[in-house]
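The values are calculated or read from the model by the stated rules, or taken from the named source; none is laboratory data. Computed from a predicted structure; not experimentally measured. Positions of Cβ are generated from backbone atoms using ideal geometry, with glycine treated the same way; all protein chains shown enter the neighbour counts. Surface areas here come from the heavy atoms of the whole protein model, side chains and all, with no ligands, DNA or RNA. Shrake-Rupley method; radii C 1.70, N 1.55, O 1.52, S 1.80 Å.
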Amino acid sequence: MTAPAPTCSRCGRARAAETDPLATLAWVSTKENGEQRWLCPDCARNHVRDIEGKLPDEYW
């Protein structure tokens, strides 16, 4: 049994709808409160500051 294709947690876009393999690789996976979430490339680009804000201080 295969897992369902991820969908963007912000806009609802399905990763399975991608026709370009590079666009499929550009999806971002995050873990929030133990739950895996996905962001499509457009939402990830628009919300990159939110993503950076969650990085630990040691990263910088």
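Could you tell me what percent of the accessible area of the chain is made up of carbon and sulfur, with a 1.4 Å probe and every protein chain present?
About 52 percent, which is the carbon plus sulfur part of the accessible surface.
Given a cut-off of 12 Å, what percent of all Cα-Cα pairs of the chain lie beyond it?
On the way: 1246 of 1770 pairs.
Of all Cα-Cα distances in the chain, 70 percent exceed 12 Å.
Under a 1.4 Å probe, what is the accessible area of the chain per residue, stated in Å²?
For the chain, the solvent-accessible area averages 80 Å² per residue.
Between Ser29 and Thr7, what length in nm is gained on full extension when 0.36 nm per residue of separation is reduced by their alpha carbon distance?
Working: separation 22, 0.36 × 22 = 7.92 nm, distance 1.05 nm.
Additional length available on full extension: 6.9 nm.
Which distance in nm do the two modelled labels at Leu55 and Thr19 give, with both placed 7 Å along the Cα-to-Cβ direction?
3.5 nm
Around Pro41, with a cut-off of 12 angstrom between Cβ atoms, what is the net charge of the other residues, counting Lys and Arg +1 and Asp and Glu -1?
With Lys, Arg at +1 and Asp, Glu at -1, the neighbours total +1.
Place +1 on the Cβ of every Lys and Arg and -1 on the Cβ of every Asp and Glu in the chain, take the dipole about the Cα centre, and give the residue among His47, Pro6, Thr30 whose Cα lies farthest towards its positive end.
Farthest towards the positive pole: Pro6.
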